[in-house]
Amino acid sequence: MSTVAESQRRSKLLFNNAHVLSIAAMIEEGQSTIDSKTLQANLALSQSTVQRVLRTLEGIGLLERQERTARTESLRYRRIPHGFWSSARALHDADELEERS
C-alpha cells in the first residue's frame, strides 16, 4: 500500500475523515498562521474538504480563526501550540505502524 493511501487509511480509522492527518501534518510543518487556499492547493483537495477539517480543528481549540479585512480574503487560521500537531505529523509520516507491534 502506498504511503499516501496508508496515511489516508489511518486518518479515516482515527478521525472518520481520510484527510485530517495530511492537513494537520501540513499545518504542523508550516508557519503558525495558515490560509485555507494554500492548504487546498498544496494538498490538491477541494475547498469543502479543507474547510470541514479546519472547522473541526477550530471547534476543538487547535486552531483560531483570524479576522479578515475583506470578505474576498481567504480564511486564515492560527495554530494553537499542542502536542496534537507533532503526533499528527508522526502518524502521517509513519510507514507501517503494524510492523512495530
In Å², nearest 10: area of Val4 left accessible to a 1.4 Å probe: 100
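How much length, in nm to one decimal, is gained on full extension between Val4 and Gln31, taken as 0.36 nm per residue of separation minus their Cα-Cα distance?
Contour length minus the Cα-Cα distance gives 7.4 nm.
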Rounded to whole Å, sorted largest first: equivalent-ellipsoid semi-axes of the stretch 1-99, Cα gyration tensor: 24, 14, 11
Estimated [θ] at 222 nm from DSSP helical runs (n ≥ 4, -39500 (n - 2.57)) normalised by residues in the chain, nearest 500: -16500 deg cm²/dmol
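Find the relative contact order for the stretch 2-101 and round it to a whole percent, using C-alpha pairs within less than 8 Å whose residues are 6+ positions apart.
Numbers: 115 pairs, mean separation 33.4, N = 100.
Relative CO of the stretch 2-101 lands at 33 percent.
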Accessible-area order (highest first, 1.4 angstrom probe) of the listed residues Ser87, Ser36: Ser87, Ser36
Stretch gain in nm, segment Thr38-Arg78, where the contour uses 0.36 nm per residue and the Cα spacing is subtracted: 13.0 nm
Amide hydrogen neighbours beyond the local backbone of Ile80, cut-off 5 Å, H modeled: Leu63, Glu64
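Using DSSP to call loops (not H, G, I, E or B), can you name the GluC sites (Glu not before Pro) in the stretch 3-98 whose Cβ has at most 13 other Cβ atoms within 10 angstrom?
For GluC sites (Glu not before Pro) across the stretch 3-98 that sit outside H, G, I, E and B with at most 13 neighbouring Cβ atoms in 10 Å, the list reads Glu67, Glu73, Glu96.
The values are calculated or read from the model by the stated rules, or taken from the named source; none is laboratory data. Predicted, not measured: the structure shown is a model, and the values here were computed from it. Note: ideal-geometry Cβ built from the backbone for every residue, glycine included; neighbour counts use all protein chains shown. Just so you know, the surface numbers come from the protein's heavy atoms only, side chains and all, with ligands and any DNA or RNA stripped out. Shrake-Rupley method; radii C 1.70, N 1.55, O 1.52, S 1.80 Å.
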